[in-house]
1. Condition (residue is crowded, with 19+ Cβ neighbours inside 10 Å and in a helix (DSSP H, G or I)) applied to the range 368-375: is it met by at least one residue?
2. Do we find that residue 286 is open to solvent by 10 Å² or more (accessible area, probe 1.4 Å), within 14 Å of ligand 3 (Cβ to nearest atom), under 16 Å from the mean Cα position of the chain (by Cα) and modelled with pLDDT under 95 in this structure?
3. Could you tell me which of the residues 52, 60, 88 is open to solvent by 70 Å² or more (accessible area, probe 1.4 Å) and under 26 Å from residue 233 (Cβ atoms)?
4. Tally the residues that are out of contact with any Leu (no Cβ under 8 Å at 6 or more places or on another chain) and surrounded by 16 or more Cβ atoms within 10 Å (Cβ to Cβ), restricting the search to the range 138-151.
5. With respect to residue 308, determine if the residue is open to solvent by less than 60 Å² (accessible area, probe 1.4 Å) and more than 8 Å from ligand 3 (Cβ to nearest atom).
6. Mind checking which pairs have a first residue in the range 317-331 that is within 6 Å of ligand 3 (Cβ to nearest atom) and a second that is polar (S, T, N, Q), Cβ under 8 Å, 6 or more apart or different chains?
7. Hey, which of the helices (runs of 4 or more DSSP H) in the range 192-311, taking only ones fully inside, have at least 2 residues that are touching a residue at least 60 places away in the same chain (Cβ under 8 Å) and within 12 Å of ligand 1 (Cβ to nearest atom)?
8. Can you tell me which residue within the range 1-59, out of those that are of a type in the set (Ser, Thr, Tyr) and part of a helix (DSSP H, G or I), is farthest from the chain's Cα centre (by Cα)?
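The values are calculated or read from the model by the stated rules, or taken from the named source; none is laboratory data. Just so we're clear, the structure is a prediction, and the values are computed from it rather than from any experiment. Here the Cβ positions follow ideal geometry from the backbone for every residue, glycine too, while neighbour counts run over all protein chains shown. For the accessible areas, the whole protein counts, side chains as well, though only heavy atoms, and no ligand, DNA or RNA atoms are used. Shrake-Rupley method; radii C 1.70, N 1.55, O 1.52, S 1.80 Å.
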Amino acid sequence: MSEKQYKKAAQIIVKAGMLPFPITDTLLEIVKLLYTEEEAEFIIKAFKRRVSQTLDQLKSTTELPEEEILRHVTSLAKKGALFDQPNSKGVRVYRLLPLIMVGIFEYVFMRKVEYTEKEKKMAKLFDELFDELEDIVQERYDMFLPGFKKIPPIDRTVPFHENIEGEEITIKVDQEVEAPEENVLTADNIEDIINKFDDITVAHCFCRQHQDLLGNSCEVTDMRENCFTFGKSARFVAEQGFGRKISKEEALEILQKSEEAGLVHKAYHPHGKIDRDETSVCNCCKDCCGTFNLWKQGILPMINATNFLSDIDQEICIGCGTCVEECPVDAIELNENNKAERNPEWCIGCGICAHFCPESAISLIEGARKVFVPPPKLRD
Ligand code: SF4
Ligand code: SF4
Ligand code: SF4
């Protein structure tokens, strides 16, 4: 297959996602490592115009026999390059997945990694790709900023409800925290989310496994198997062997351990629409989480939906610095009086600070907000 054809396939794969990856040598290497020539050719034939198609549509777009189409879609789904689940009318739809959010990156590192040379190479190539993306965004920062503001929330924080002593974290209502009209009430208790679904799978944390392969193992936790998917996504994950089906009881046990490790519960909704049922819940660490790191690396803004904001009682605060250390988005600092101060613009209302504060000096204020923090401008 010619270089030109691989480039064509790469462009189609990139177009299926939201990040503007340039077609660089690194990206082409990822594509060549992951897709066979036959699969790349099939992608060009099948998904040039539409990323989602039924079998009948694929037959007419590609003019290939049904068996050949099924062979390709089966192998692509197996590697996490294609989502193949029935729609609400029961018709199976084949959707080409992008490189990331949610696509190849997530699925490749979601199975338990075996530290093969191929996996290590893939991890390194993705790391290089993120560096290239950083260059692009930083060099054209002002051009990207208006577009960033239109992105819907990437995730929604579901807060901790108990502190390390097992006591309920105080939740206050503050009229000054206005609820934007588009926000609706959603499950704010992680147990309520788990209880909504019959199909639940758990898979390995792809961010931590990506860092493991790079030799930067997580310093926050040893937990790896703690990413949940629900409903249709769960069925896909289980069918393709990316994760395993679990009971609600096991899910709650894993969540309990995640809380003990101080991991942030983040819920993901289809297209960022928080009035729709969750597709997945992650338990994130500040070391490895991709959404935190893409923001810190200056590639993407932090865009989060939350119903909470932390509130620190400085009369009680003893300035121990635990909350500063634990906050996943660096929203707390100690001021000149050695008291903790929280930046309201950055706080995603996760409650980690309240969970770990030894003096119970932190509570949560209820009120729906969208947090938007632009990526830092790292260059002049
Ligand atoms: S988003 Fe969080 S839990 Fe999910 S894979 Fe990344 S760090 Fe792990
Ligand atoms: S953890 Fe509590 S006591 Fe320690 S600095 Fe933060 S608010 Fe103050
Ligand atoms: S200050 Fe940090 S740790 Fe506390 S709720 Fe806000 S984001 Fe979470």
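1. Of the range 368-375, the ones crowded, with 19+ Cβ neighbours inside 10 Å are 368-369, 371, 375.
Narrowing the set further to residues that are in a helix (DSSP H, G or I) leaves none.
No, the range 368-375 contains no residue that is crowded, with 19+ Cβ neighbours inside 10 Å and in a helix (DSSP H, G or I).
2. yes
3. Among 52, 60, 88, only 88 is open to solvent by 70 Å² or more (accessible area, probe 1.4 Å) and under 26 Å from residue 233 (Cβ atoms).
4. 2
5. Considered against the rule, which asks whether it is open to solvent by less than 60 Å² (accessible area, probe 1.4 Å) and more than 8 Å from ligand 3 (Cβ to nearest atom), residue 308 comes out as no.
6. Pairs that qualify, where the first residue is within 6 Å of ligand 3 (Cβ to nearest atom) and the partner is polar (S, T, N, Q), are 331/310; 331/343.
7. Per the criteria, 206-214, 290-296.
8. If we filter the range 1-59 for residues that are of a type in the set (Ser, Thr, Tyr), which is where we start, we get 2, 6, 24, 26, 35-36, 52, 54.
When the remaining residues are screened for being part of a helix (DSSP H, G or I), the result is 6, 26.
Numbers: 6: 28, 26: 22 Å.
Per the stated criteria, the residue is 6.
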